[in-house]
1. Restricting to segment 33-67, what's the tally of residues that are open to solvent by 40 Å² or more (accessible area, probe 1.4 Å), in contact (Cβ under 8 Å) with a residue 12 or more places away in the chain and hydroxyl-bearing (Ser, Thr, Tyr)?
2. Looking for something modelled with pLDDT of 90 or more and more than 19 Å from residue 68 (Cβ to Cβ) - is there at least one such residue anywhere in segment 171-179?
3. Identify, from the list 180, 166, 160, 95, the residue that is among the basic types (Lys, Arg), closer than 15 Å to residue 41 by Cβ and either open to solvent by 90 Å² or more (accessible area, probe 1.4 Å) or touching a residue at least 12 places away in the same chain (Cβ under 8 Å) (or both).
4. Being within 14 Å of the chain's Cα centre (by Cα), open to solvent by 60 Å² or more (accessible area, probe 1.4 Å) and hydrophobic (A, V, I, L, M, F, W, C) is the requirement here; does residue 7 meet it?
5. Cβ-Cβ distance below 6 Å, separation of 6 or more or different chains: which pairs start in segment 120-133 with a residue that is assigned to a loop (DSSP other than H, G, I, E, B) and end on one that is at pLDDT 90 or above and of a type outside the set (Phe, Trp, Tyr)?
6. Using the structure shown, decide if residue 74 is part of a loop (DSSP other than H, G, I, E, B) and either open to solvent by 60 Å² or more (accessible area, probe 1.4 Å) or touching a residue at least 24 places away in the same chain (Cβ under 8 Å) (or both).
7. Could you tell me whether any residue of segment 139-149 is in contact (Cβ under 8 Å) with a residue 60 or more places away in the chain, within 21 Å of residue 12 (Cβ to Cβ), within 16 Å of the chain's Cα centre (by Cα) and open to solvent by 40 Å² or more (accessible area, probe 1.4 Å)?
8. Out of (1) touching a residue at least 40 places away in the same chain (Cβ under 8 Å); (2) surrounded by 16 or more Cβ atoms within 10 Å (Cβ to Cβ), the odd one out for residue 117 is which?
Amino acid sequence: MNWLTTILLLAMAFVAVFWEAAFVGLRQVIGAQIDLLPAVMVYTGLCTGLTTVCLVSFLAGLWFDSLSANPLGISILPLFAVGLGIYVIRELILRDQLFAQFVIGFIASATTPVLTLILLLSTGHSPLLGWGTIWQIGVMSAGGALATPVFFVLFDWLHRALAHARITETSFRPDREIRRGR
């Protein structure tokens, strides 16, 4: 496991939660909050191990719930379900394709609020539901779909800038003499 990736993902999740809480201008213009955590979980599920998926979903869910009206810990399970679902089938996903990143980001960003709503309803809470909920889930899904390829580009750039490139070694030693002829 690459600890640099885990630290960068946790930092990005923290910044995403802070951005959602601090900058409300976009929310007032479009009438919905764009959730960036499902896009972070898409990258986590496709490019890291199960330990990082668990850690990022747990901490990001706690950070998100601490700044929202949700009960503490309710967002952990939907984020983990999205990350685990992608982690399980990641060999079947073309992770370098822009269209695949877009579609998976859309599905993850639509699934996370629906699972959160189901958990809220099953625990006895009464969230505000109506026709505006469909609009909000649609805007969240579109925003997450647009943010997912951006996160892939950002993390690829950070890896090139901060991580050492692996040295490719040949199977022959450089001081080996090859005799030709009979």
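1. Here is the first cut: in segment 33-67, the ones open to solvent by 40 Å² or more (accessible area, probe 1.4 Å) are 33, 47, 50-51, 54-55, 58-59, 62-64, 66-67.
Narrowing the set further to residues that are in contact (Cβ under 8 Å) with a residue 12 or more places away in the chain leaves 33, 47, 50-51, 54-55, 58-59, 62-64, 67.
Remaining after also requiring hydroxyl-bearing (Ser, Thr, Tyr): 51.
Of the residues in segment 33-67, 1 are open to solvent by 40 Å² or more (accessible area, probe 1.4 Å), in contact (Cβ under 8 Å) with a residue 12 or more places away in the chain and hydroxyl-bearing (Ser, Thr, Tyr).
2. Pass one, segment 171-179, residues modelled with pLDDT of 90 or more: none.
No: segment 171-179 contains no residue that is modelled with pLDDT of 90 or more and more than 19 Å from residue 68 (Cβ to Cβ).
3. Details: 180 fails: closer than 15 Å to residue 41 by Cβ; 166 fails: closer than 15 Å to residue 41 by Cβ; 160 fails: closer than 15 Å to residue 41 by Cβ.
Step by step, each of 180, 166, 160, 95 is checked, and only 95 is among the basic types (Lys, Arg), closer than 15 Å to residue 41 by Cβ and either open to solvent by 90 Å² or more (accessible area, probe 1.4 Å) or touching a residue at least 12 places away in the same chain (Cβ under 8 Å) (or both).
4. yes
5. Pairs that qualify, where the first residue is assigned to a loop (DSSP other than H, G, I, E, B) and the partner is at pLDDT 90 or above and of a type outside the set (Phe, Trp, Tyr), are 127/120.
6. Values: part of a loop (DSSP other than H, G, I, E, B): yes; either open to solvent by 60 Å² or more (accessible area, probe 1.4 Å) or touching a residue at least 24 places away in the same chain (Cβ under 8 Å) (or both): yes.
So residue 74 passes the test.
7. no
8. (1)
The values are calculated or read from the model by the stated rules, or taken from the named source; none is laboratory data. Remember, it's a predicted structure, so these values are computed and weren't measured experimentally. Please note: Cβ atoms are built from the backbone with ideal geometry, for glycine as well, and neighbour counts cover all protein chains shown. Accessible surface is based on the protein model in full, side chains and every heavy atom, while ligands, DNA and RNA are left aside. Shrake-Rupley method; radii C 1.70, N 1.55, O 1.52, S 1.80 Å.
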